[in-house]
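Take a look at the structure set out below.
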Amino acid sequence: MILRRYTYALLMLVAVPSMAQQPLIFDVSTVVMGPQRLETLWVFAEGKWSDAGPDVGTNSTDIHCYQRFGFCEVASALASSRLASVSLSIFDILRWDASEMIAVDSSPLCLVNILRIVFTTEKVSMSSASKGETRTEICKNLVASMPPTAFLTGSGSEAEQKKK
């Protein structure tokens with residue numbers, strides 16, 4: 001089972017070309033927040049998760065991370081012929097240095113979601129790991145169907161994105 005999951009994850013990485021793994025928009029800059037006018041380093045990324053499916057728009061996910069305040073917001077929109085939905089998740093930043101930022105959302109019942117932003121390559125990924133909870137049937141099923149790592153992608157190649 002574990003070997004099959006790793007094989008699937010590897011196939012997903014190969015299926016999404018390296019050039020397409022960059023977000024539609026990626027920015028790291030300083031912003032001023034709130035009535036106290038507090039300055040903080042900020043990351044903004046916009047794109048589409050690589051596992052989102054063909055009916056999801058290229059700008060369906062927005063990510064905002066604030067170094068000084070220690071959190072990230074991840075907003076994603078989904079649509080189908082019968083339903084439209086929006087989700088907002090809050091991630092706690094565990095690490096932010098010159099090369100990368102790692103944040104976690106441990107609010108789901110059985111999983112912990114990990115957001116990773118690599119500043120040097122401008123890559124954004126999301127993965128999930130089990131919290132080790134296996135007493136309930138829902139947790140057993142979620143862990144068995146745990147998704148592979150998803151990348152925030154843009155439209156087209158890296159060269160096309162730089163032109164925009």
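Look through region 87-124, keep the residues that are among the charged types (D, E, K, R) and not in a loop (DSSP other than H, G, I, E, B), and return whichever of them is nearest to the chain's Cα centre (by Cα). Ranking the candidates gives Arg116 first.
Taking the condition modelled with pLDDT of 75 or more and either farther than 14 Å from Ala150 by Cβ or not small (Gly, Ala, Ser) (or both), does Val28 pass? So Val28 fits the description; yes. For region 57-69, the criterion of a residue being loosely packed, with under 12 Cβ neighbours inside 10 Å, farther than 28 Å from Thr30 by Cβ and modelled with pLDDT under 95 is satisfied by no position.
Across region 54-74, which residue is nearest to Met126 (Cα to Cα) among those that are without any contact (Cβ under 8 Å) to a residue 24 or more places away in the chain and part of a loop (DSSP other than H, G, I, E, B)? Write out each step before concluding.
Start the filter on region 54-74 by keeping residues that are without any contact (Cβ under 8 Å) to a residue 24 or more places away in the chain, which leaves 54, 56-57, 60, 62, 64, 70, 73.
Those left that are additionally part of a loop (DSSP other than H, G, I, E, B): 54, 56-57, 60, 70.
Working: Pro54: 19, Val56: 17, Gly57: 18, Ser60: 15, Gly70: 18 Å.
The residue in question is Ser60.
Considering only residues that are part of a loop (DSSP other than H, G, I, E, B) and modelled with pLDDT of 95 or more, which ones fall in region 37-53?
Answer for region 37-53, where residues must be part of a loop (DSSP other than H, G, I, E, B) and modelled with pLDDT of 95 or more: just Arg37.
For region 66-85, which positions are in contact with an Asp or Glu (Cβ under 7 Å, 6 or more places away or on another chain) and not hydrophobic (A, V, I, L, M, F, W, C)?
The answer is Gly70, Ser80.
Within region 82-89, can one find any residue that is loosely packed, with under 11 Cβ neighbours inside 10 Å, modelled with pLDDT under 95, closer than 16 Å to Glu46 by Cα and β-branched (Val, Ile, Thr)?
Within region 82-89, the first condition is being loosely packed, with under 11 Cβ neighbours inside 10 Å, and the residues that meet it are 82-88.
Subset that is modelled with pLDDT under 95: 82-88.
Applying the additional criterion that residues be closer than 16 Å to Glu46 by Cα yields 86-88.
Right, trim to β-branched (Val, Ile, Thr) and you get 86.
There is at least one residue in region 82-89 that is loosely packed, with under 11 Cβ neighbours inside 10 Å, modelled with pLDDT under 95, closer than 16 Å to Glu46 by Cα and β-branched (Val, Ile, Thr).
Output yes when any residue across region 2-23 is of a type outside the set (Gly, Ala, Ser), in contact with a strand residue (DSSP E or B) (Cβ under 9 Å, 6 or more places away or on another chain), within 24 Å of Pro148 (Cα to Cα) and at pLDDT 90 or above, and no when none is. Yes, there is a match, as at least one residue in region 2-23 is of a type outside the set (Gly, Ala, Ser), in contact with a strand residue (DSSP E or B) (Cβ under 9 Å, 6 or more places away or on another chain), within 24 Å of Pro148 (Cα to Cα) and at pLDDT 90 or above.
The values are calculated or read from the model by the stated rules, or taken from the named source; none is laboratory data. Remember, it's a predicted structure, so these values are computed and weren't measured experimentally. Methodologically, a virtual Cβ is constructed for each residue, glycine included, from the backbone with ideal geometry; neighbour enumeration extends over all protein chains shown.
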